[in-house]
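Taken together, the values in this text are just the output of simple stated rules run on the coordinates, not laboratory data. All values reported here derive from a predicted model rather than from experimental measurement. Don't worry about glycine lacking a Cβ; one is built from the backbone with ideal geometry, like all the others, and counts go over all protein chains shown.
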Amino acid sequence: MPAPSRSPSPATSPSPPVLVPRWPPHRRTSLIKGSGSSWAGNAVAEWVAEVDAKDIKVVYTANGAAQGRKDYANKSSDFGVTDSPYRGKDPSTGAVDSSLGRSFAYLPIVAGGTAFPYNVTVGGKRVKNIRLSGETLARIFTNQITNWNDAAITKDNNGRALPSIPIIPVVRADGAGVTNQFTTWMVSQYPALWKDCNGGRLAATDYFPLNCGEARGQQRAQTGSDGVMNFLKSKGSVGAIAMEEYSYPLAAGYPVAKSAQQGRLLHAADAVQRRGGAHPCADQRRPEGSELPHPEVWTRSTSTRTSGPTRCRRTSTRSSRPPRTTRR
């Protein structure tokens, strides 16, 4: 994402809104089906469980924001959750991205942050306090920095060099809002790096160009937020770094990269508070093993307004269990 020394946190697009049809007020539905963003999936899973207790049956499939928009357009769902709006077509891939004439309204629902969890171990112990600048992150995810002992990473960490460990950048295989958020930031902050990686196109996208379009490379693509975190936790993933919504590494107890720019960035909740909103998740615990509190991590700051209070992802803060799913 060379770079201004005070670049904002990765990506600046709105947090996930819901696509809802304009139903007549008298309509009743025995089963409500939705799909879309896994970035918001932990929060939605919590709400599904809460309304189930009131005999309102909802099934939500966290299959990615792009697929959620497609499902809604194809009338295979009653609502979709997406991190980016319909745009007619994806500006990078040209894929059709419209509601195909189906009416809808956007309803913002979630505030959260995109972080960069990693799996780096030295001497059998996980490293928990790595700092990375915006430019370093941009170069990692465009395959310009490929080893954890790179001089730029050493500089970000005040001269403390890491061993020679190949970096494995983990990106989404499906069309994802987190990809759109990150690439929007890249377009804004590191346009030359992103244009070279994205086939000469200076545009954000939901679909990450794996290994910048090269046939081979160190990047790995995984489907869904759970897929990304499962890869990060798997054997053989030492050296991996991913981009993912903060509640996922929080629940898994994995460290996330801290900012090397002026020593800190903002946790999303702190950014909301600074803009005049309420602090939505003040009681969230920090990731297991993290040496610094929330405001020290790289996050993508978001804020939303809803018809009710802002909700936190309590599934990720109560325990390390995976988000609940509903079946019928």
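Express as a percent, rounded to the nearest 5, the fraction of DSSP beta bridges in segment 17-108 (both residues included) that run antiparallel.
Antiparallel bridges make up about 55 percent of those DSSP assigns within segment 17-108.
With a/c under 1.5 counting as rounded, go ahead and sort segment 17-108 into rounded, prolate or oblate using the C-alpha gyration tensor (a ≥ b ≥ c being the square roots of the eigenvalues; past the cut-off, prolate if a/b is larger than b/c, else oblate). Display every interim value, and only then the final one.
Details: a/c = 2.44, a/b = 1.50, b/c = 1.63.
Oblate, since a/c reaches 1.5 and b/c is not below a/b.
In terms of modelled amide H atoms, which long-range or inter-chain residues lie less than 5 Å from the amide H of Leu132?
It is Lys258, Ser259, Ala260, by chain and number.
According to a simple spin-label model (label point 7 Å from Cα along Cα-to-Cβ), what is the distance in nm between Lys75 and Asn230?
In this crude label model, Asn230 to Lys75 measures out at 3.3 nm.
I'd like to know which of Gly64, Ser35, Phe104 lies farthest towards the positive end of the charge dipole of segment 17-108, counting +1 on Cβ of Lys and Arg and -1 on Cβ of Asp and Glu.
Phe104
Which whole-number percent is the relative contact order of segment 17-108 (Cα, under 8 Å, 6+ apart)?
Numbers: 163 pairs, mean separation 36.8, N = 92.
Value for segment 17-108: 40 percent.
Dipole of segment 17-108, Cα-centred, from +1 at each Lys and Arg C-beta and -1 at each Asp and Glu C-beta, to the nearest 20 debye?
Magnitude of the dipole: close to 440 debye.
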